[in-house]
Protein chains: 2
Amino acid sequence: MRPTPTLDVVGIGNALVDVLAHDDDAFLAAHGMTKGTMALVDAATAERIYAAMGPAVEASGGSAANTMAGVAGLGGRVAFIGRVRDDQLGALYAHDLRAAGVHFEIPPAPDGAPTGRCLIVVTPDAQRTMNTYLGASVELDADDVDEELVAAAQVTYLEGYLWDADGARDAFRRAAQVAHAHGRRVALTLSDPFVVERHRDTFLELIDGEVDLLFANEQEIRSLYEVEDFDAALQRVRHHCEVAALTRSEKGSVIVAGDEVHVVDAAPVPGGRVVDTTGAGDLYAAGFLFGWCRGDDLGRCGRLGALAAAEVIGQLGARPETSLRRLLAPPDGR
Amino acid sequence: MRPTPTLDVVGIGNALVDVLAHDDDAFLAAHGMTKGTMALVDAATAERIYAAMGPAVEASGGSAANTMAGVAGLGGRVAFIGRVRDDQLGALYAHDLRAAGVHFEIPPAPDGAPTGRCLIVVTPDAQRTMNTYLGASVELDADDVDEELVAAAQVTYLEGYLWDADGARDAFRRAAQVAHAHGRRVALTLSDPFVVERHRDTFLELIDGEVDLLFANEQEIRSLYEVEDFDAALQRVRHHCEVAALTRSEKGSVIVAGDEVHVVDAAPVPGGRVVDTTGAGDLYAAGFLFGWCRGDDLGRCGRLGALAAAEVIGQLGARPETSLRRLLAPPDGR
């Protein structure tokens, strides 16, 4: 008999400090940015963009790490695997993860590139557009995958962003292998439509072979199958992984698992106003995974995802400032 | 004839990165903190408090610098004098000030203590309680006072917090001297009731001799004159400086200038909910100084202060995320 998992989820991803500023569509245009997407930039480009950005605030981010912080905020047991440098931003990063209740023990790199950062421009329509300088994150490799952690977790959660760096890709492969060898599940989020475009064939293979739980938004899943229509993508994905949770912003989400399909509405945003969509997908995954790990039915998992996402888009930044636990009050509590 | 000032205000203060987290009254009690005040801590204590704090966000702060950012946000011409280290937090700090439109050219220190930070705990009642590690800020001294800047500014604005470090005190004295030698005005904010308690006699002297515009909240002005009653403090202060602007949180503010007295209501908070009082006094001073420099009457200066303060307490952090310019729409525009 396999040992009972002692963790709900272990996340593997880029460790990035978010640098958030408000600006308008003209700023995006002037810098050749595509709204709502993530672009990888080198150190010099990051400096140039940062110099042009307005006053900013900083907060720990990184897609999978945001999700882990969200699961922890709901009461789940989680760990994170990612790389920072031993610099000031790296110290902030580690503090925030641990303070959120996430197990994080990868030692900071003593040399090499500084801690990675994600320059985020929030436009008046509350959309976020990201330019990522990976920094120390690119040093993540297969050796960073703590096999005991992966073996101990019900789910290993991987971000599609990892696929942009060789070492991280190896870490991804190793983690998936270890997880399955221990009878655990592997979850993937597609992360970004451009990431999907860059790595479509690999993602298609991975989803067929190694991914049990897939998270994607509408643009990403349409890009994956190169279809214009959401429903067409839905019909395609249902045969390729055990569970797919597809998010559609204000249209809610659709969860498909073979013949089982749930259509879940978006939850109302506290305060009534969408401030910044940064972290919406990450927190949806957090709510969903928390429910899934405690055995909720898929519809309830989706509703918990919607609640957590609504919480984070009512504020600036990707990790909710307020306690997520109260989202678990009846009827979603137990 | 004296040259026309080319700056509205030059601020001198501690250059601090704010580290903001939410916690409850029990946390304050457990760490011996007095709600609503600022305590100076050494590096080890700062580390200990930070380790105990929950997930945080970072934003550039420092009282006088927040005020300068506020004046710039309203359209004023401002500069800041303060000290950071050449580290990651120092780079963020300089970026944010310059991006806000504040002239800031003091080079970062190449060695010594790291950039200072202010650990801020925001309690559910929206009050902020601060623990400041001054770091590189303590290296500010009289040589950092750019006499041309001071001579060029209508007002030199000094924070009472400066009085806790020897070099900063010298910088304060030098700046006040230069300002007056050029026929400019000197403004002081008392900053914190404990700061007033530590330096009461000096502040009383300064206010009599060197301060033209005084900013204080109710606690601070009562502490200064060691009286229990606001009106008693009001009657005392009116004979000691040209203009005093006294803030009273939700009770609004009182501006007194000899026989002239204005009682100004607090402005409604956008969104209707006070989220975090960090920066309230700093932004009140920003609105007031902006009005004062363009020649508004004192009542209008106070109303502009109230509007700017209301803006910042509706969000987390000490510098408004949104444009202050729209506060200048009629009837406060010109």
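The values are calculated or read from the model by the stated rules, or taken from the named source; none is laboratory data. The shown structure was predicted, so the numbers you read here are calculated from the model rather than taken from an experiment. Because the Cβ atoms are built from the backbone with ideal geometry, glycine has one as well, and the counts that use them run over all protein chains shown.
Taken over region A:69-100, the criterion of being more than 9 Å from chain B (Cβ to nearest Cβ) and assigned to a loop (DSSP other than H, G, I, E, B) is satisfied by A:Gly75, A:Gly76, A:Arg77, A:Gly82, A:Arg83, A:Val84, A:Asp86.
Among the residues of region A:177-194, is any within 17 Å of A:Arg83 (Cα to Cα) and either out of contact with any strand residue (DSSP E or B) (no Cβ under 9 Å at 6 or more places or on another chain) or touching a residue at least 60 places away in the same chain (Cβ under 8 Å) (or both)? There is no residue in region A:177-194 that is within 17 Å of A:Arg83 (Cα to Cα) and either out of contact with any strand residue (DSSP E or B) (no Cβ under 9 Å at 6 or more places or on another chain) or touching a residue at least 60 places away in the same chain (Cβ under 8 Å) (or both).
For A:Thr123, state whether it is closer than 15 Å to A:Leu20 by Cα, in contact with a Lys or Arg (Cβ under 8 Å, 6 or more places away or on another chain), away from every other protein chain (no Cβ under 14 Å) and surrounded by fewer than 24 Cβ atoms within 10 Å (Cβ to Cβ). Judged against the criteria, A:Thr123 is not a match. Contact map, region B:204-220: residues that are in contact (Cβ under 8 Å) with a residue 24 or more places away in the chain paired with residues that are among the aromatic types (Phe, Trp, Tyr) and assigned to a helix (DSSP H, G or I), Cβ distance under 6 Å, separation 6+ or inter-chain. Pairs shown: B:Glu218/B:Phe230.
Determine, yes or no, whether A:Leu234 is more than 16 Å from the chain's Cα centre (by Cα), at pLDDT below 95 and in a helix (DSSP H, G or I). Spell out the reasoning first.
On the way: more than 16 Å from the chain's Cα centre (by Cα): yes; at pLDDT below 95: no; in a helix (DSSP H, G or I): yes.
Criteria not met by A:Leu234.
The set of residues in region A:186-214 being buried (at least 21 other Cβ atoms within 10 Å of the Cβ) and over 21 Å from A:Lys35 (Cβ atoms) consists of A:Val186, A:Ala187, A:Leu188, A:Phe203, A:Leu206, A:Val211, A:Leu213, A:Leu214. When the residues of region A:279-334 are filtered to those that are under 24 Å from B:Val121 (Cβ atoms) and of a type in the set (Gly, Ala, Ser), the one that is modelled with the lowest pLDDT is A:Ser323.
When you scan region B:4-11, do you find a residue that is surrounded by fewer than 23 Cβ atoms within 10 Å (Cβ to Cβ), over 21 Å from B:Leu324 (Cβ atoms), more than 14 Å from chain A (Cβ to nearest Cβ) and β-branched (Val, Ile, Thr), even just one? Within region B:4-11, one or more residues are surrounded by fewer than 23 Cβ atoms within 10 Å (Cβ to Cβ), over 21 Å from B:Leu324 (Cβ atoms), more than 14 Å from chain A (Cβ to nearest Cβ) and β-branched (Val, Ile, Thr).
For region B:182-220, the set of residues classified as closer than 28 Å to B:Arg294 by Cβ and aliphatic (A, V, I, L, M) consists of B:Val186, B:Ala187, B:Leu188, B:Leu190, B:Leu206, B:Ile207, B:Val211, B:Leu213, B:Leu214, B:Ala216, listed by residue number. Among the residues of region A:193-228, the ones that are in a loop (DSSP other than H, G, I, E, B) and acidic (Asp, Glu) come to 4 in all.
Taking region A:101-116 as the range and being within 14 Å of chain B (Cβ to nearest Cβ) and acidic (Asp, Glu) as the test, no residue passes.
Would you check if there is a residue in region B:126-136 being assigned to a loop (DSSP other than H, G, I, E, B) and within 16 Å of the chain's Cα centre (by Cα)? Explain how you work it out, then say what you get.
The initial filter retains those residues of region B:126-136 that are assigned to a loop (DSSP other than H, G, I, E, B), namely B:126-127, B:134.
From what is left, the residues that are within 16 Å of the chain's Cα centre (by Cα) are B:134.
For region B:126-136, residues assigned to a loop (DSSP other than H, G, I, E, B) and within 16 Å of the chain's Cα centre (by Cα): present.
For region A:1-49, taking the residues that are more than 22 Å from the chain's Cα centre (by Cα) and basic (Lys, Arg), the one that is farthest from B:Ala99 (Cα to Cα) is identified as A:Arg2.
Taking the criterion of being buried (at least 19 other Cβ atoms within 10 Å of the Cβ), hydroxyl-bearing (Ser, Thr, Tyr) and either within 23 Å of A:Ala216 (Cβ to Cβ) or touching a Lys or Arg at 6+ places or on another chain (Cβ under 8 Å) (or both), would at least one residue in region A:65-78 satisfy it?
So the first thing to find is which residues in region A:65-78 are buried (at least 19 other Cβ atoms within 10 Å of the Cβ), and the list is A:65-74, A:76-78.
In the following step, the residues that additionally are hydroxyl-bearing (Ser, Thr, Tyr) were identified as A:67.
Among the residues that remain, those that are also either within 23 Å of A:Ala216 (Cβ to Cβ) or touching a Lys or Arg at 6+ places or on another chain (Cβ under 8 Å) (or both) are: A:67.
Within region A:65-78, one or more residues are buried (at least 19 other Cβ atoms within 10 Å of the Cβ), hydroxyl-bearing (Ser, Thr, Tyr) and either within 23 Å of A:Ala216 (Cβ to Cβ) or touching a Lys or Arg at 6+ places or on another chain (Cβ under 8 Å) (or both).
Screening region B:243-334 for strands (runs of 3 or more DSSP E) wholly inside it with 3 or more residues that are more than 20 Å from the chain's Cα centre (by Cα) and more than 14 Å from chain A (Cβ to nearest Cβ) returns the ranges B:260-264.
Are any residues in region A:36-64 within 11 Å of chain B (Cβ to nearest Cβ) and outside any loop (DSSP other than H, G, I, E, B), and if so, which ones? Talk me through it step by step, then tell me what you get.
First, the residues of region A:36-64 that are within 11 Å of chain B (Cβ to nearest Cβ): A:47, A:50-61.
Correct list: A:Glu47, A:Tyr50, A:Ala51, A:Ala52, A:Val57, A:Glu58, A:Ala59, A:Ser60.
So is A:Gly160 away from chain B (no Cβ under 14 Å), farther than 23 Å from A:Arg48 by Cα, touching a Leu at 6+ places or on another chain (Cβ under 9 Å) and touching a residue at least 24 places away in the same chain (Cβ under 8 Å) or not? Criteria met by A:Gly160. Please work out if A:Val186 is more than 25 Å from A:Ala151 (Cβ to Cβ) and either of a type in the set (A, V, I, L, M, F, W, C) or in a loop (DSSP other than H, G, I, E, B) (or both). For A:Val186, the condition - more than 25 Å from A:Ala151 (Cβ to Cβ) and either of a type in the set (A, V, I, L, M, F, W, C) or in a loop (DSSP other than H, G, I, E, B) (or both) - is not met.
Of the residues in region B:17-32, none is within 9 Å of chain A (Cβ to nearest Cβ), in a loop (DSSP other than H, G, I, E, B), crowded, with 20+ Cβ neighbours inside 10 Å and touching a helix residue (DSSP H, G or I) at 6+ places or on another chain (Cβ under 7 Å).
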